[in-house]
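Colleague: Pasting a structure below so you can have a look.
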Amino acid sequence: MYVGWAWCARRVIRHHVTVSRRLLSTQTHTQQELLSRTTRNIGIIAHIDAGKTTTTERMLYYGGYTRRIGDVDEGSTVTDFLPAERARGITIQSAAITFHWPPVNDKQPLPQLPESFDTIPRSSIPHNINLIDTPGHADFTFEVVRSLRVLDGAVCVLDGVAGVEAQTEKVWTQAGHYHIPRMIFINKLDRAGAAFSRTVKEIGVRLHAWPAVCQVPWWKGGNGDFIGVGDAVYLRGLLWQGATDGSQIQAFDLQQLAENSPDFANEIKNARVALVELLSEHDDIMVEQFLEHDEDHLAIPGVQIIQSLRRAVLKAPQSIIPVFAGASFHNIGVQPLLDAVVDLLPSPLERPDPEITFDKHTGTLSELINNASSEKSPSVSRKKQPNTSLMVSEVKNLTGCALAFKVVNDAKRGVLVYVRVYSGFIDRGSTLFNTNLQSAERAPRLLKMYANHAVEVDFIAAGQIGVITGLKQARTGDTLIVYRGLQMKGQPPGGLNSLQLRPIHVPPPVFFTSIEPHSLSEQKHVQESLAILLREDPSLHLSVDEESGQTHLAGMGDLHLKIARDRLLNDFKAKARIGKIEIGYRETITAATPSYTYELDRPIAGKPTKAGIIVSVAPMEGEEGEQEDGTFETTYITPDGNRIHISHPQLSRHDSASHKSLIPPHLSLPGILSSLFNGASASLARGPLNGFSVANTAVSITLDASTHLFPETTPTAISMAARTAVSTSLRTACDASPSVLMEPVMFVTIFVHESSLGAVVQDISSARGGQVISLDTASSPNASSTSSSSPDDLPSINPSLIYAPRDPFAPNSSSPESSSGGLADSQRQIVARVPLKEMVGYLNQLRALTGGRGTFVMGVDGFERMGTQRQRDVMEKMREFG
Ligand SMILES: Nc1nc2c(ncn2[C@@H]2O[C@H](COP(=O)(O)OP(=O)(O)OP(=O)(O)O)[C@@H](O)[C@H]2O)c(=O)[nH]1
């Protein structure tokens, strides 16, 4: 017996179907509901090298979108398309690609959705899958977070030998923050040392949810090669054999298996019993099904199991994780995984509303839009923002809202802006207002990306992912809105220009390098190339040191900047000298200043301008969180932990009508605030001591409308006045009492074998000056609370209560009775805070200390003042390299 999609996949490969245009470009808006219901926006997340790209290549091949399977090791994959990615064999930028599963062809009618999926699975109908491949390396965590925002579901790929690795935990937790439904694919089960059971238990303990084992591995003869999987949902064995591309799959029912592989058949039954028991604990409908089928675990139809799993996966917080098995490099397990993507992960219609910020308040997009239909409550959330000036008619003109989640410079097509549309449509030719840049541009062409080729479309609708080409400004992370009737130079009214979709916190950069063009004639090209790099990746920061004239590029990690350098020199062919990659220290003041009044009164660009301001600065003591804005005061916290507090007596944030007599007609309070913030931020970017960015400093600004604003006041004048006044105050503070340097301190989680624990702890605390916060067994509940503290207080799970089939090869083969419940109990976790300077090149040292087995993850925990001697050493080193 051959299973349906195996036949389907072979047919598609033979004819190599091109994408049905009917499914893409000629749809009317009324067909959108169907399209949304049959869409899955999913990501593949994991630790580096778990096999995400390898699995993605198979998905595209079985979906009929590539003719041959790309190989990571040969550098021939579709998703790792940057030369730097191909050279290193790792994914750096997430790629977004659309394909269909099960495959479609032009001869097939458009899918008709049944009333319910009680008798057939969703995977029997072609679905539109938008797949985002994300990088696994810690330096690109921000890239992962950026992609997560647009996902409706995720497949987490684990290496069946390594199990749950440090980076997996980190990305998993981040996905949990966005309540993204997830499932797991345990890959590489063909490798020597593969331990399915141990990995399943690690999932429970380290990812805080119950693993629902949907498939068990099929080892030839019980302990030979990995040849297929036992399907606990449909009670069958799936055997990959014959064709080397994995397209031929043979299915055997339990009876057939009982004759030839009785132990395997029994294991499938065990897995089914465990699955029904687990689901029954979380799903009342499954209990009913169980009773209806005379309490026979095996009698419940597979489709009902799928339905129950789906309900569990869609619950937030997710307490059940479906687990699948395979070896994608050997083409085993990918087609059923694709079925599970369609069957278990949600459509865009089943996802909660995206979070927005609007006029500094949070709410959801549909609150904003739905409230528009009710004249009574025109605001995003009346409770949270009682006084927005947004009118119903204004919201009604908001016909589209999208997030640019990725910008890529394509050699053939130019700059591609990947967007996820959250409401309404983006039509070809629409004017898009960019609420981050406060400017509009037209969307000349819209595309859907299919592996190696793109298809032009007329519009991209809510729930869909697509590409806009020809945009000159939009950057990764920008919110784009379509406002009916908006002129290119205009602004949407009622504060809609401040609407931000799912804003994310960009962590402060901790490394930087200098960039100098080889000659003046090269300068323009270098600057243009840097501008594209920055559009692609907002976690890169560019600044110009005014004293030396040098351009500084700052980023999240050593590798992050190395890749940026490679892209600049090799891909963009920029001719520039790139300096050493160095740590980005900060400086902070140690004395407060009295109020300083400054009045700018000079021509700018040939026009007389005037603006006044009062400023004082003070060191910040300890953590000072975000402050609620008052009626006459507004506070901003910068990424470096500075607080900019602006008091604007007379100018109420909630009553713009009263501003008329106080503010010149060409200005508005939001515009004034943003100019003040920009001016103050620019001066904080260069401290008075050494030119490092200023951190942990409180800036107080007072803007007295009656004495500081004039008919000649412009936004530029306000910004310049703020910049000069803040710089002068910082200098005054530094003269009174010298500023001190601050260094980035990392929160580090290290996983090591028991035998190397002592050496690693010794190295961290003595040689590197780190502070060990906790030492745990990786399986203890405490261990996880320190490293991957769950946003939702997810439970600690006892591994001995988790079902997993026996591992035939693992040295300490699990028995449920063993004290560790089948986990590798010699695994220990160290959590420490260590200065970044001491962590440079740590991986090599950790490998040396642990015989190559230790792994670690780290993230910036904050900046800390350096002691006098340490500061002196750092300054001397910097002078040496001068
Ligand atoms: N034996 C075996 N090797 C595999 C399997 N899947 C992937 N690999 C190999 O593992 C290595 C990493 O695979 P990738 O697909 O690049 O992993 P990735 O998770 O995309 O890696 P990053 O993009 O760098 O995060 C490559 O050498 C693959 O050939 C598998 O099922 N079995």
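Colleague: Only Lys, Arg, Asp and Glu count, each charged at its Cβ (+1, +1, -1, -1), so figure out the dipole size of region 546-654 about its Cα centre, rounded to 20 debye.
Modeller: In total the dipole reaches around 860 debye.
Colleague: How would K837, K489 line up from fewest to most surrounding beta-carbon atoms within 10 angstrom?
Modeller: Fewest-to-most ranking of K837, K489: K489, K837.
Colleague: Between D245 and S774, take the C-beta separation as r, use R0 = 35 Å, and let me know the FRET efficiency to the nearest 0.05.
Modeller: After rounding, the FRET efficiency stands at 0.15.
Colleague: Now, a different point. Work out, step by step, the length gained on full extension between T399 and N690: first 0.36 nm times the residue separation, then minus their alpha carbon distance; give nm to one decimal.
Modeller: 99.9 nm
Colleague: Now for a different question. Please give the length that would be gained between V840 and D861 if that part of the chain were fully extended, namely 0.36 nm times their separation in residues minus their C-alpha to C-alpha distance (nm, one decimal).
Modeller: 6.0 nm
Colleague: Which whole-number percent gives the relative contact order of region 401-506, counting Cα pairs below 8 Å spaced six or more residues apart?
Modeller: That works out to 34 percent.
Colleague: For a quick check of your reading of the filter: which chymotrypsin sites (Phe, Trp or Tyr not before Pro) in region 829-876 sit in a DSSP loop and have no more than 13 other Cβ atoms within 10 Å?
Modeller: Hits after loop and neighbour filter: nothing returned.
Colleague: Hey, another quick one. Using mean Cβ contacts within 10 Å as the protection proxy, how do 519-529, 305-315, 648-658 order, highest first?
Modeller: 305-315, 648-658, 519-529
Colleague: On to the next question. Just grab the label-to-label distance for I504 and E456, each label 7 Å out from Cα along the Cβ direction, in nm (one decimal).
Modeller: That separation, rounded to one decimal, is 3.2 nm.
Colleague: Taking a 29 Å limit on the Cα-Cα distance, which of the listed pairs K170/K269; K472/K837; K170/K562 fall beyond it?
Modeller: The answer is K170/K269; K472/K837.
Colleague: Around E528, with a cut-off of 15 angstrom between Cβ atoms, what is the net charge of the other residues, counting Lys and Arg +1 and Asp and Glu -1?
Modeller: Residues near E528 contribute +4 overall.
Colleague: Can you tally the net charge around P336? Count Lys and Arg as +1, Asp and Glu as -1, for every other residue whose Cβ sits under 15 Å from the Cβ of P336.
Modeller: 0
Colleague: What FRET efficiency comes out for K575 versus I285 if R0 is 51 angstrom and r is the Cβ-Cβ distance? Round to the nearest 0.05.
Modeller: Plugging the Cβ-Cβ distance into 1/(1 + (r/R0)^6) gives 0.20.
Colleague: Note the full-extension length gain between H177 and Q112 as 0.36 nm times their separation in residues minus their Cα-Cα distance, in nm to one decimal.
Modeller: 19.9 nm
Colleague: Which ³J(HN,Hα) values, rounded to whole Hz and listed in residue order, are derived for region 673-686 from phi using the Karplus coefficients 6.51, -1.76 and 1.60 in 6.51 cos²θ - 1.76 cosθ + 1.60 with θ = phi - 60°, glycine and proline given as x?
Modeller: With coefficients 6.51, -1.76 and 1.60, one gets 4, 5, 5, 4, 4, 4, x, 5, 4, 4, 6, 6, 6, 9 Hz.
Colleague: As an exercise, use a Förster radius of 45 Å and the Cβ-Cβ distance of N223 and E350 to find the FRET efficiency, rounded to the nearest 0.05.
Modeller: Rounded to the nearest 0.05, the efficiency is 0.60.
Colleague: Around R37, what is the net charge, scoring Lys/Arg as +1 and Asp/Glu as -1 over all other residues with Cβ under 13 Å from its Cβ?
Modeller: -1
Colleague: Which of the lysines could a cross-linker bridge to K188, judged by Cα under 16 Å and excluding same-chain residues fewer than eight apart?
Modeller: K52, K220
Colleague: Shifting gears a bit: To make sure I understand, if each residue's beta carbon is the centre and we count other beta carbons within 10 Å, what order do M746, M620 fall in, fewest to most?
Modeller: With the sparsest Cβ surroundings first, the list reads M620, M746.
Here, each number is a calculation from the coordinates, and none is a lab measurement. Note that the structure is predicted; figures quoted are calculated from it, not measured. Glycine also receives a Cβ, built like all others from the backbone with ideal geometry; neighbour counts cover every protein chain displayed.
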